[in-house]
1. Between rounded, prolate and oblate, where does segment 87-245 land on the alpha carbon gyration tensor, with a ≥ b ≥ c its root eigenvalues, rounded for a/c under 1.5, else prolate if a/b exceeds b/c?
2. Provide 161, 150 in ascending order of the number of other Cβ atoms located within 10 Å of each residue's Cβ, fewest first.
3. Once you keep just the Cα pairs under 8 angstrom separated by 6 or more residues, what percentage relative contact order results for segment 5-286?
4. Provide 83, 168 in ascending order of the number of other Cβ atoms located within 10 Å of each residue's Cβ, fewest first.
5. Does segment 490-581 classify as rounded, prolate or oblate by the C-alpha gyration tensor (a ≥ b ≥ c root eigenvalues; a/c under 1.5 gives rounded; else a/b over b/c gives prolate, otherwise oblate)?
6. For residue 223, put the label point 7 Å out on the Cα→Cβ axis and report which residues of segment 190-213 keep their amide N under 18 Å from it.
7. Mind giving me the FRET efficiency for residue 101 and residue 62? R0 is 35 Å, r the Cβ-Cβ distance, nearest 0.05 is fine.
8. 7 Å from Cα along Cα→Cβ at both residue 269 and residue 40: what's the point-to-point distance in nm?
């Protein structure tokens, strides 16, 4: 029997199940079989219980090491002025845990001493809330599979990251996960793939507070890599870890690399990867009510036959359908769409077709955890009118209707030759013109003479001019108009939010709050000036606007104070106001 290991990744929008086979080299692994199960499993930092339990019911009965997003854990590195383990633990229990508002009754806690230097120790603290795992305990209890350990995602990349301070960015599903690495793991951040700018801002903030950061390691596709290079070209070098062109890849190269590196890290005891357990069942577990799946709602697994299916990129848009639409589409033959520039862009990031594994491995399967599943097998032919699904483009040419009626033919006539007697005709025309000119000249002369004679005999009487007196009218005074700064509409406001703290992603968080408050154009960035002595968060404006200041305080729930120095952050005067986050 092969000594394989199984990893289960549960992420916000997708789950990966991978069986890994040990390689010839120590602590090396390769994916033996792989399944991707799409679904919504997390709502912010809480599991969607029903979907998670359904997911666990689809797994084969075996032991799994579960990997979850960093946002579900408390991961931090602290410096303790102690070197003995007992004193370090006492300091954490008596000081650090109360500050973090966690305790050992509600959380599982893992503590690792990373380094000791000059009487101080750098300590990694990781914690996981017990109640968070309730849906996992329920789902595991309904099956024979077992989750032997639970670990945070960024920790599993420790074996491929050097000991120098660095940042990792992982692409899994529709999300990007970043974290600061230096012996331990800290400053985890998560956003969607489309919001690469937020990741870039976070990296700039971390680089500002930790100048020793040397490299950003990427495990992403080529599109994300190019965007980050454009945004961070002057800040920090980037290095792509996964090979973007792997002919024998069973899954997208970045997912494959992350999973194989994760099992490698877990297998090396030198890396203190936090490993939590599901814990014991509680009364809260019993309160979780899950709707029982009926046979008609049970998702169908899609198994490969002679060749493995091509796995789509998780971040590509998908087409949702109702149950009725899905049943109708199942009987419909596939049609090949026309090639467009948009299709060509998507094809570049599409994973390549997998070659059949040489070993007796289980096939790669892609499922959907929701009640609606797509079937990628050959569709059956039905009596369906496909014209209703045809896509009309500008390339379609309408053929004009040609009339069968014969055109009317005009017969040609012979040219008419000049007749005799033309000379006499010309003479008559000349005589007529001379007579006409003479008659006009005589008429003009007689008219001019009569007009002159009448002017000399008729006396000219001057016409008196009436003068109307106009009463003076008072000039109306202009109505005073309120200055634009006093009546600025939030939807028309142009704001810049800059982060002057060491808190990663702080400006993006405030930007999201302002967007929800329906403010107009908002840009997030890092602060250029120095605000270490500022007592409050600041709002820089050309002139003080109390109304706008009050609106911003209400939208952000921050204490804000007006300050000068507008040109420091906005030299061109592009924005109506600049919010400087100092606290």
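Read-outs throughout are calculated quantities, based only on the coordinates presented, and are distinct from any laboratory measurement. None of the values given here were measured: they were computed from a predicted structure. All Cβ positions, even for glycine, are placed from backbone atoms using ideal geometry, and neighbour counts span all protein chains on display.
1. oblate
2. Numbers: 161 20, 150 25.
Lowest to highest Cβ neighbour count: 161, 150.
3. Reported as a whole number, the value is 20 percent.
4. On the way: 83 14, 168 24.
Result, fewest neighbours first: 83, 168.
5. Values: a/c = 1.31, a/b = 1.12, b/c = 1.17.
Since a/c stays below 1.5, the shape of segment 490-581 is classed as rounded.
6. Residues 191-200 qualify, since their backbone N sits under 18 Å from the label point.
7. 0.40
8. Result for the modelled spin labels: 4.5 nm.
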